[in-house]
Each structure stands twice: as structure tokens, then as C-alpha cells.
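S.K.: Just passing along the structure, written as C-alpha cells.
The values are calculated or read from the model by the stated rules, or taken from the named source; none is laboratory data. Please read all numbers here as calculations on a predicted model, not as lab measurements. Using ideal geometry, Cβ is built from the backbone for each residue, glycine included, and neighbour counts are taken over all protein chains shown.
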Ligand code: F6P
């Protein structure tokens, strides 16, 4: 048997994963004569040595399929639930890596996966990563695959919500994924012509939002679409969260750490109902009926767009080229029209947020979209 590489998909699934697996499999076999072993369900499958050989028929018909044929999980090598315990399984993972005599391991995932891959690099494994997530929040890459598909799905949903909001003279508050960044909410809101767009990067003033809706009403538009990112926060909540994070940094002894952790959990639990509360407040403040649509995981499902298929294919083949050149400990990033290798140490611990001077923000403001707060 010739040389062999491993691949796994980790974190939340994302359209384009199968296209990337296909590209890795085909280019490894065709261009570099490398065998490819897939590990099931992310780092857990690598730890439990659950594998599938990626060759022949298994690589056919994948380009259009959503999800990941390998399965995925959010398990971390160094904090893996095993029975009733949470254990550091790094050594077992390293053993399995050597058991298959792997030349390198490809980890496809978002920010969390980049961190875990970096840890494995530090533990001595040859790792190359690909950036995928519908959130588009991985640092050091222009874009992640999955984002374009989710953007299209969310935009299409806003298009459909327009006609029903218009017919019923209602506010429709549509919650869009994106974790703690606003790429998806801002992009879909802009493309779908939402009247209000609320993103985590711009904590909002509820009264400014209500005022924007009332102004529309005075102009004869008695419906409004409010696109809200799941991580968007009212100004007072953003302040509370910032204070809690500061306390977390400062907490020295265990008692204080536990207290802050409990307060952060309580904050997150309260935030889970944010979109419903926002809708109720807007109803009270504007006198218009309001409804909520939470798009949820529908944004991650189904066929990837052409752009995501192309991106995943480019990144998949570029990472096999990197392995052939023995370039390890790096992420294959997108930079303009090309791909580039970025040291994983440069990627981890950062999140790519929407800059306040981003052209999408400028365009939204100039087309009279309320962003919940004046952005200078
Ligand atoms: O990171 C992708 C993402 O879809 C986020 O937008 C969202 O916050 C999260 O995953 C949901 O995670 P889960 O699928 O575990 O509910």
C-alpha cells in the first residue's frame, strides 16, 4: 500500500463538506497517488478508530449532497466525554494516527476545529485544515465554504416573508444563524431588503428600531422585516456581557470563577429568548402585530450553491497539494482569487467579525436600513 492521508469533518455541518471530501479523495488518488482514510464523526471517530476508505464509488455523486458522508461531532480531543467522564484522549488519537501510518491528517471545520487541529499539531501530528462554517467567522481567510449556501437560503426566506408581512401589515422578526458574528444576518438582510438588520457587532437600541418601523408606517409602509442575527444584543445586554467577561478574566480563586461561570450561563439562558422578546417589545412600541421566524438549521441543510461547490473543490485539492509539499500545521485559506497557507497559530484564538467600516454596512445605511444604532 502507498502513502496514506486521513480526513475528518468536525463541528456543525456545512454545505460543501462532501464536495471537499470528494476533491480531497479524487486529487489524492489521481494527482498524487495517495490513499485516503476518512474518520467518522470528527475527532471522536479518530479516537475510536472508526474509518471508511475514500475511494471508488464512494466518491461519486457527492458534489451536490448536503451534510457530510463522514458524519461530524463537536467532540474535542483533549476534553472528550467517555462514559461518565470527560478525558484527554490526545494520546489515543496519536496512536490511531500512527496505526494507519498516516502521512498527514486533514481536519475540516470552523474556529473550534482549527483550535483542536492546532493542539494536535503541537502534539506532533502533521495536520492541514480547511475552513468551513456557515458563520464565515474563521480568522485569516476571506471566506469559508457553507456561507454562500446559507446566505442564499436565508435570503430566499426573507424574500418569502416579505409577501406575508405585507399582506398582514405585520412586523416579521426573522432570526438568522451566525453564532457571535453578523456576516450571515447582514448579508441576508441586505440581499433580502430587510428594513432593520441587527448584528452582534452593533449592539442595538430598541427604541431606535421601533422608531425606524414607526417612520416607515408614517410613510405608508405598514409592514417591516427585521433580520436579527442570533448573537445580536441590545446595548444594555452587551454591556452586561462585557462586564461578565471582564470579571471572568479577573476571577482568581475557584469560588469566584464558579460564580462568574454561573452568571454567564444565566446570561446565555436568558439570551436564548431574545428574538421572542424583541418581537413582543416591537409590537408594544409600534402598535403593529409582530411574528417571529427562526430559520435555524434549515440554513445548514441541503445542496450547496455553485460558489460553495467550487470553493470546497479548490480548497480540497489545494490541501492535498500542501501535503504533497510537506506543508503542515497550516490552514488552507482563501485570499482573493487564490489560496494561501496560514500557520494555525495565526488562526486560533481569533474570530473574524464584521468590521464597522465594511462596505456591506455602508451600503445598508445608505439604503435607509436601520442597524439599530447609528454607526459613524
Ligand atoms: O457554527 C455553525 C452554527 O450553525 C451556528 O450558526 C450556530 O450558532 C450553531 O452552529 C448551532 O449549533 P448546533 O448545530 O450544535 O445547534
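S.K.: Quick check on residue 72: is it within 27 Å of the chain's Cα centre (by Cα), more than 22 Å from residue 5 (Cα to Cα) and either assigned to a loop (DSSP other than H, G, I, E, B) or touching a residue at least 60 places away in the same chain (Cβ under 8 Å) (or both)?
M.R.: no
For every residue, the table says whether it meets (1) in contact (Cβ under 8 Å) with a residue 12 or more places away in the chain; (2) closer than 11 Å to residue 14 by Cβ; (3) under 25 Å from the mean Cα position of the chain (by Cα).
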site	(1), (2), (3)
132	yes, yes, yes
137	yes, no, yes
144	yes, yes, yes
154	yes, no, yes
157	yes, no, yes
161	yes, no, yes
164	no, no, no
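S.K.: Then there is this: If you take just the strands (runs of 3 or more DSSP E) that sit entirely in region 121-221, which of them hold at least 3 residues that are within 16 Å of the ligand (Cβ to nearest atom) and within 29 Å of residue 314 (Cβ to Cβ)?
M.R.: Ranges flagged: 127-131.
S.K.: A further question follows. Checking residue 57 against (1) under 23 Å from residue 304 (Cα atoms); (2) in a helix (DSSP H, G or I); (3) within 16 Å of the ligand (Cβ to nearest atom), which single condition isn't satisfied?
M.R.: It is condition (3) that residue 57 fails.
S.K.: May I pose another question? Name the pairs whose Cβ atoms lie under 8 Å apart, with the first residue in region 253-271 and more than 13 Å from residue 237 (Cβ to Cβ), the second in a loop (DSSP other than H, G, I, E, B), and 6 or more positions between them or separate chains?
M.R.: 257/251; 259/251; 260/251
S.K.: Quick one: would you say residue 257 is within 16 Å of the ligand (Cβ to nearest atom), more than 27 Å from residue 191 (Cβ to Cβ) and modelled with pLDDT under 95?
M.R.: no
S.K.: Give me a count of the residues in region 288-302 that are within 14 Å of the ligand (Cβ to nearest atom), farther than 19 Å from residue 232 by Cβ and touching a strand residue (DSSP E or B) at 6+ places or on another chain (Cβ under 6 Å).
M.R.: Number satisfying all stated conditions: 0.
S.K.: For region 324-354, name all the residues that are in a helix (DSSP H, G or I) and out of contact with any helix residue (DSSP H, G or I) (no Cβ under 8 Å at 6 or more places or on another chain).
M.R.: 346
S.K.: Could you check region 12-44 and list, in sequence order, the residues that are within 16 Å of the ligand (Cβ to nearest atom), surrounded by fewer than 24 Cβ atoms within 10 Å (Cβ to Cβ) and in contact (Cβ under 8 Å) with a residue 60 or more places away in the chain?
M.R.: The answer is 12, 13.
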